[in-house]
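See below for the structure under consideration.
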Amino acid sequence: MTANATFEQRRRRVGLLFVLPALLVLAVVLGYPIVDSVALALQQVSLRSGVVQQSWVGLDNFRRLFADTTFQRAALNTAYFSSAEVVLVTVISLSIAILLNHPIGRFGIFRILLIVPWAIAPVANAVLWKWILHSNYGVLNGVLKALGVIDVYHVWLGTPASALNFLLLVDVWKSVPFVALLMLAGLQRVPNSLYRAAYMDGAGPWQSFLHVTLPTIRSVIAIAVVLQTIWSLRVFDIVFVLTRGGPADATVLLNFLAYRVTFNFLDLGYGSAIANVVFVLTVILAIVYVRLLWPRERRAG
Amino acid sequence: MPISVSRRTLLHGTAAAGAFASLSRFLRNEARAADAAKLSVFAPLPPDPAPPGAAKFSEEAFARWKAANGAEVEYELLAWPQLHDRMATAFASGSAPWDIVYMSGWVPELQSNIIPYADALPKALVDDLPKSSFSTVTVDGKRYGAIFTLSLLTLFYNKALLAKAGFKSPPKDWNELKRFAKELTHDGQYGFVLNYGDPAGIGGTASYWMTYLQQAGGKMYGEDGLPVFKGDAGVDALQLMVDLMPFTDPGSISYAGINDASNVLLAGRAAMMMNWPFMWTAATDPKQSKIVGDVASAVLPAGPAGSASIDGTDAWTVTKSSKNPDKASALIEFYLDAEVQKRQVLDTGWLPIRLSVLADPEVQAKAPNAAVVLEQAKHPYDSFVTPDYTEVTVAVGTEVQKALQGQKTAAQAIADAQDQVTSIVKRRKKAPNQ
Amino acid sequence: MSFVKRRHGGPFMRGFVIAGLIVFVLWSAGPVIWLVLSSLMEQQALIAQPPQVVPSSFTLDNFIQVLSAAAALGHGIFNSALVALFSTAVALAFGAPAAYALARLPVPRANNIAFLILATQMLPGIAIAIPLFIAMSKLGLIDSVLSLGFVYLSFNLPIVIWILRGFFMAIPVGIERAAAVDGAGVSATFWHIVLPISIPPMAAAAVFAFVEAWNEFFFALILTRQNAQTVPLVIAQFAGQYQTVFGQMMAAAVISVVPVIALAIVFRNQVVRGFADGMTKG
């Protein structure tokens, strides 16, 4: 008994030793900033030549936030963008995964096609699409006009609704491939025996999809939804490169607003307040989804 | 008493001699190190105004200057739209390594990071510069920068397109501007084009509206610093822009930089625009322009209160953290040298600021639009630059964009803009360190 | 009808799938193909309406211009490589033991810690960027490649821990028991038994971390000036330029993504497996 106890103690000691360096690093690079971020949101901060001047203002920044029409606009934009992206990505990814799970889709080239957009930097992606969507020389205009779908060149990023939706398209294009790969992995884990059983019961392809596939990959879909929500709230690169928030603040997402306020106007306290709101929002959404999609007592992995 | 040269004396003597020798060598090295000053300059990428060595002009003169002054000059060049952000964060974090920084409308905002070196410029130079050129770089009576190019917005138009529509001369006032634009819009061609994509800064949407504001007799701020543009002048100015929209190239709302708009005019797809003087060079370059020979420039059409424009306020400043402020100031004097200024306009199209160079017949021959700019300079050209300029222009510019898109009436947009600017100004008054 | 036919549908279904695959290929590959094509075409051909994709418009000029004139791009690639390698190496060095401890060793509250580490990834970058910006300004650490690499650990370390923990939790317990019976201590078991069989998921984690670090833009934007500029910043700069020479812009983008795409393609199986591992087990 004593020998076992010592063995356990030793394992615990080593365990702590193994975990400590990582935890220390995370405490410095994540822990401290999170705490400081909340503190900053309660202050009026100015930074000049590396010298910080801070003064406590309590909830002033948050009061200003909720009265700010630009913030309200950004919150609406973000809500629309995020929900639309999650729906689109989930549906499109699932469709692609199903296509690739079919015998015809089993070629490796299709998987390579999926991994390439994931590997492209968001900035490079934004630059590419900026070129594709260019109002005078972009290939989208060129192709659509040649096909007769439109008769004049459109300014895709020129009107508020259009700009936001095309931003959505750009991010969906980049996000779908990886989620599709995830779903494909999930699909391939569904045991063939389940399909056989369904077949025995006389189920057709559509029925076996509904009653075998979907329930089994339910957790995969759930994870994809949660992840995609979190990622969609972090979108920054494409806004920065494609529209910088325009036209008329139509594509200002909360993340971008926080950046603009902090690094263009150097109002660090206010920017922190916005950032904290985004964080809280993300957590709430994640919890909501987890509760909805995992009604059982299982925690998100 | 005879000096006995003991071993100790010898030792001491040698040591002293050695120390003296190394000390003098050290001093000489120090002097040489001070001679080989390293200057770092933060400037826009050409074709935006860039200094010799960054843009291709006066390169031998520059090499001679560097040799004569024992200085090495390093350029950090960035696309113009990104300059302000980079500068602001660098200054804030105390990591700005530059000696000389280009500024356009940011002097009041970043004044605590730069020194008023321009007060010490030689009188001969200062006398050759227009007095008003220091207005946007002066804070609390001290001169923090030196404008190096005469850059006012003027009208650029395609003579041939206007002639085809029956117009022998450019529009003289707002009514003519609207009428001409309407007549010139047909078959994929537009009467007007401009870049409304970026609300902020000089050359952004807000600044264009400020041009019209002055033409309508209005101004941005009252004596107390609070905004006063909500009246007729402000609304009429915005209404003009809205009225022009049906005859403005639809891509305008998404053009972030002025070159996107110029490209449209130079490709012959639009007839008129407002632009800075340097456009003349691109317009007369067959590689960039399809309408060489048809481009002309004129004073901006007059509003109810006459013509007016805005100043590009392109200036050189010296940072507080510079280790060689005197050398930096000398370099700026070189940039303002008469011969360098002459090459600036002849080779890159950016007009000189020195009156003597502007009067040079060779310059006037190469840049006929210089005469137009000088004529424009007789009318008001306030850029309304304050420490909040960036934040104010984002707020105002965004409201202008909304009106241009038809989301709000001009009156509503101006009213909202005034509210936002008021709170911006009030916030600064409450926390002046911000 | 045979099982296979039932399962995968008849000819109608096949037609549907083929059509779907064609759409998929166009949608996925189209933009990428255009990226490469544009980088190889001359400006005049690109600004024609519509763009003239004919053999005579192809040229290597864009690449030559970008590589010779834009020293910034080479500098950026060098910095990106440094930052990504440093960040990945440290993430693996610290993350592998931590993942093992959280998966296998009786660390108190191991599950909570693991969940917390994962939850931090819900933070928007801006939330931690502002305090980091202030702190690093005060310490004079702005514009340093190593500082940036260290900051990147904020997402690389959790990624590595997440992926590896999932894998470690799936290792049969018997392997470690056997090692213990042979007298191996915990450390020895880890270094000599567990790690050697963890090469594939470690490769996956490494590729993941490297790609994320290489492509990261936001922190690089605010925490670097000129010396430590990474590739995404250089690309964004090219896009912000006044006179966009589209072909060069695309050429620069191509150069910047080729290393990472090559890496991703070579290791594609590991990447998917690694992520799937972490996801289903964690």
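The values are calculated or read from the model by the stated rules, or taken from the named source; none is laboratory data. This one's a predicted model, so the numbers in the text were calculated from it and none came from an experiment. Cβ atoms come from the backbone with ideal geometry, glycine included; neighbour counts cover every protein chain shown.
Output the residue which, of all residues in segment A:100-122 that are among the aliphatic types (A, V, I, L, M) and surrounded by fewer than 17 Cβ atoms within 10 Å (Cβ to Cβ), is modelled with the lowest pLDDT.
Applying the first criterion (among the aliphatic types (A, V, I, L, M)) to segment A:100-122 yields A:100, A:104, A:109, A:112-116, A:119-121.
Now restrict to residues that are surrounded by fewer than 17 Cβ atoms within 10 Å (Cβ to Cβ): A:104, A:109, A:112.
Details: A:104: 79, A:109: 84, A:112: 85.
That would be A:104.
Just to be sure, is residue A:97 under 30 Å from residue C:17 (Cα atoms), surrounded by fewer than 21 Cβ atoms within 10 Å (Cβ to Cβ) and within 11 Å of another protein chain (Cβ to nearest Cβ)?
Working: under 30 Å from residue C:17 (Cα atoms): yes; surrounded by fewer than 21 Cβ atoms within 10 Å (Cβ to Cβ): no; within 11 Å of another protein chain (Cβ to nearest Cβ): yes.
Spelling it out, it is not the case that residue A:97 is under 30 Å from residue C:17 (Cα atoms), surrounded by fewer than 21 Cβ atoms within 10 Å (Cβ to Cβ) and within 11 Å of another protein chain (Cβ to nearest Cβ).
What are the residues in segment B:107-138 that are out of contact with any helix residue (DSSP H, G or I) (no Cβ under 8 Å at 6 or more places or on another chain) and of a type in the set (D, E, K, R), if any?
B:119, B:123, B:127, B:131
Looking only at segment B:65-84, count every residue that is more than 13 Å from the chain's Cα centre (by Cα) and in a helix (DSSP H, G or I) and tell me the total.
Total satisfying the criteria: 6.
May I ask you to say which residue of B:62, B:42 is buried (at least 18 other Cβ atoms within 10 Å of the Cβ) and in a helix (DSSP H, G or I)? It would help to see each step written out before you state the result.
On the way: B:42 fails: in a helix (DSSP H, G or I).
Result: B:62 is the single residue among B:62, B:42 that is buried (at least 18 other Cβ atoms within 10 Å of the Cβ) and in a helix (DSSP H, G or I).
Which of the residues that make up segment B:267-286 are among the aliphatic types (A, V, I, L, M) and away from chain A (no Cβ under 12 Å)?
From segment B:267-286, those among the aliphatic types (A, V, I, L, M) are B:267, B:270-274, B:279, B:282-283; that's our starting set.
Within segment B:267-286, B:271, B:272, B:273, B:274, B:279, B:282, B:283 meet the criteria.
Test each condition in (1) in contact (Cβ under 8 Å) with a residue 60 or more places away in the chain; (2) within 25 Å of residue C:215 (Cβ to Cβ); (3) crowded, with 24+ Cβ neighbours inside 10 Å; (4) within 14 Å of chain B (Cβ to nearest Cβ) for residue A:247 and report the one that comes out false.
Going through the list (1) in contact (Cβ under 8 Å) with a residue 60 or more places away in the chain; (2) within 25 Å of residue C:215 (Cβ to Cβ); (3) crowded, with 24+ Cβ neighbours inside 10 Å; (4) within 14 Å of chain B (Cβ to nearest Cβ), residue A:247 breaks only (2).
Looking for whichever is in contact with a helix residue (DSSP H, G or I) (Cβ under 9 Å, 6 or more places away or on another chain), in the same structural domain as residue C:81 (by TED's automatic domain parsing) and modelled with pLDDT of 85 or more here; the options are C:252, C:276. Which one fits?
Details: C:276 fails: modelled with pLDDT of 85 or more.
Exactly one of C:252, C:276 is in contact with a helix residue (DSSP H, G or I) (Cβ under 9 Å, 6 or more places away or on another chain), in the same structural domain as residue C:81 (by TED's automatic domain parsing) and modelled with pLDDT of 85 or more, namely C:252.
Being out of contact with any helix residue (DSSP H, G or I) (no Cβ under 6 Å at 6 or more places or on another chain) and touching a residue at least 60 places away in the same chain (Cβ under 8 Å) is the filter here; which residues of segment A:41-53 pass it?
Once the filter is applied, which keeps residues that are out of contact with any helix residue (DSSP H, G or I) (no Cβ under 6 Å at 6 or more places or on another chain) and touching a residue at least 60 places away in the same chain (Cβ under 8 Å), segment A:41-53 yields A:42, A:46.
Residue-wise test of (1) within 30 Å of residue A:210 (Cα to Cα); (2) in the same structural domain as residue C:213 (by TED's automatic domain parsing); (3) of a type in the set (Gly, Ala, Ser); (4) out of contact with any helix residue (DSSP H, G or I) (no Cβ under 8 Å at 6 or more places or on another chain).
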{"position": "C:28", "(1), (2), (3), (4)": "yes, no, yes, no"}
{"position": "C:38", "(1), (2), (3), (4)": "no, no, yes, no"}
{"position": "C:41", "(1), (2), (3), (4)": "no, no, no, no"}
{"position": "C:44", "(1), (2), (3), (4)": "no, no, no, no"}
{"position": "C:47", "(1), (2), (3), (4)": "no, no, no, no"}
{"position": "C:52", "(1), (2), (3), (4)": "no, no, no, no"}
{"position": "C:104", "(1), (2), (3), (4)": "no, yes, no, no"}
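Restricting attention to segment B:85-108, which residues are of a type in the set (D, E, K, R) and buried (at least 23 other Cβ atoms within 10 Å of the Cβ)?
Here is the first cut: in segment B:85-108, the ones of a type in the set (D, E, K, R) are B:85-86, B:99.
B:99 - this is the single residue of segment B:85-108 that is of a type in the set (D, E, K, R) and buried (at least 23 other Cβ atoms within 10 Å of the Cβ).
Within segment A:221-280, work out how many residues are outside any helix (DSSP H, G or I) and under 24 Å from residue A:125 (Cα atoms). First the steps, then the outcome.
Going residue by residue through segment A:221-280, those that are outside any helix (DSSP H, G or I) are A:233-236, A:244-253, A:265-267.
From the residues that got through so far, the ones that are under 24 Å from residue A:125 (Cα atoms) too are A:233-236, A:244-253.
Of the residues in that region, 14 qualify.
Would you call residue C:92 of a type outside the set (S, T, N, Q), outside the structural domain of residue C:234 (by TED's automatic domain parsing), under 26 Å from the mean Cα position of the chain (by Cα) and surrounded by fewer than 22 Cβ atoms within 10 Å (Cβ to Cβ)? Full working, then the answer.
Numbers: of a type outside the set (S, T, N, Q): yes; outside the structural domain of residue C:234 (by TED's automatic domain parsing): no; under 26 Å from the mean Cα position of the chain (by Cα): yes; surrounded by fewer than 22 Cβ atoms within 10 Å (Cβ to Cβ): yes.
No.
Name the residue, out of B:399, B:391, that is of a type in the set (Asp, Glu), surrounded by 22 or more Cβ atoms within 10 Å (Cβ to Cβ), without any contact (Cβ under 8 Å) to a residue 24 or more places away in the chain and within 13 Å of another protein chain (Cβ to nearest Cβ).
B:399
Output the helices (runs of 4 or more DSSP H) that fall wholly within segment A:105-218 and possess 2 or more residues being more than 9 Å from every other protein chain (Cβ to nearest Cβ), or say none. Working first, answer last.
On the way: elements: A:108-119, A:122-132, A:139-146, A:160-188, A:192-200, A:205-208.
In segment A:105-218, A:139-146, A:160-188, A:192-200 are the helices (runs of 4 or more DSSP H) which contain 2 or more residues that are more than 9 Å from every other protein chain (Cβ to nearest Cβ).
May I ask you to say which residue of A:260, A:291 is without any contact (Cβ under 8 Å) to a residue 40 or more places away in the chain, at the interface with another protein chain (Cβ under 8 Å from one of its Cβ atoms) and not aromatic (Phe, Trp, Tyr)? Show your work before the answer.
Working: A:291 fails: at the interface with another protein chain (Cβ under 8 Å from one of its Cβ atoms).
Of A:260, A:291, the one residue that is without any contact (Cβ under 8 Å) to a residue 40 or more places away in the chain, at the interface with another protein chain (Cβ under 8 Å from one of its Cβ atoms) and not aromatic (Phe, Trp, Tyr) is A:260.
Among the residues of segment C:101-114, is there at least one that is under 30 Å from residue C:196 (Cβ atoms) and modelled with pLDDT of 90 or more?
There is at least one residue in segment C:101-114 that is under 30 Å from residue C:196 (Cβ atoms) and modelled with pLDDT of 90 or more.
Is it the case that residue A:127 is in contact (Cβ under 8 Å) with a residue 24 or more places away in the chain, closer than 21 Å to residue B:257 by Cβ and crowded, with 20+ Cβ neighbours inside 10 Å?
Details: in contact (Cβ under 8 Å) with a residue 24 or more places away in the chain: yes; closer than 21 Å to residue B:257 by Cβ: yes; crowded, with 20+ Cβ neighbours inside 10 Å: yes.
In short, yes.
Residue-by-condition table, conditions (1) at the interface with chain A (Cβ under 8 Å from one of its Cβ atoms); (2) assigned to a helix (DSSP H, G or I):
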residue	(1), (2)
C:108	yes, no
C:121	yes, yes
C:127	yes, yes
C:130	yes, yes
C:141	no, no
C:148	no, yes
C:152	no, yes
C:177	no, yes
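Given the residues B:232, B:224, B:314, which is the only one that is among the acidic types (Asp, Glu) and surrounded by 17 or more Cβ atoms within 10 Å (Cβ to Cβ)?
On the way: B:232 fails: surrounded by 17 or more Cβ atoms within 10 Å (Cβ to Cβ); B:224 fails: surrounded by 17 or more Cβ atoms within 10 Å (Cβ to Cβ).
When all the criteria are applied, what remains is B:314.
Starting from segment B:151-164, take each residue that is among the basic types (Lys, Arg) and list its partners that are not in a helix (DSSP H, G or I), counting only C-beta distances under 6 angstrom and pairs at least six apart or across chains.
B:159/B:294; B:159/B:296
Specify which of the listed residues (A:222, A:198, A:203) is modelled with pLDDT under 90, in the same structural domain as residue A:158 (by TED's automatic domain parsing), surrounded by fewer than 24 Cβ atoms within 10 Å (Cβ to Cβ) and under 19 Å from the mean Cα position of the chain (by Cα). Reasoning before the result, please.
Details: A:198 fails: under 19 Å from the mean Cα position of the chain (by Cα); A:203 fails: under 19 Å from the mean Cα position of the chain (by Cα).
Of A:222, A:198, A:203, the one residue that is modelled with pLDDT under 90, in the same structural domain as residue A:158 (by TED's automatic domain parsing), surrounded by fewer than 24 Cβ atoms within 10 Å (Cβ to Cβ) and under 19 Å from the mean Cα position of the chain (by Cα) is A:222.
Within segment A:34-51, how many residues are assigned to a strand (DSSP E or B) and either surrounded by fewer than 19 Cβ atoms within 10 Å (Cβ to Cβ) or of a type in the set (Gly, Ala, Ser) (or both)?
So the answer is 3.
Does residue C:204 satisfy being closer than 25 Å to residue A:231 by Cα and either within 14 Å of chain B (Cβ to nearest Cβ) or assigned to a helix (DSSP H, G or I) (or both)?
Working: closer than 25 Å to residue A:231 by Cα: yes; either within 14 Å of chain B (Cβ to nearest Cβ) or assigned to a helix (DSSP H, G or I) (or both): yes.
Yes; evaluated as a whole, the condition is true for this residue.
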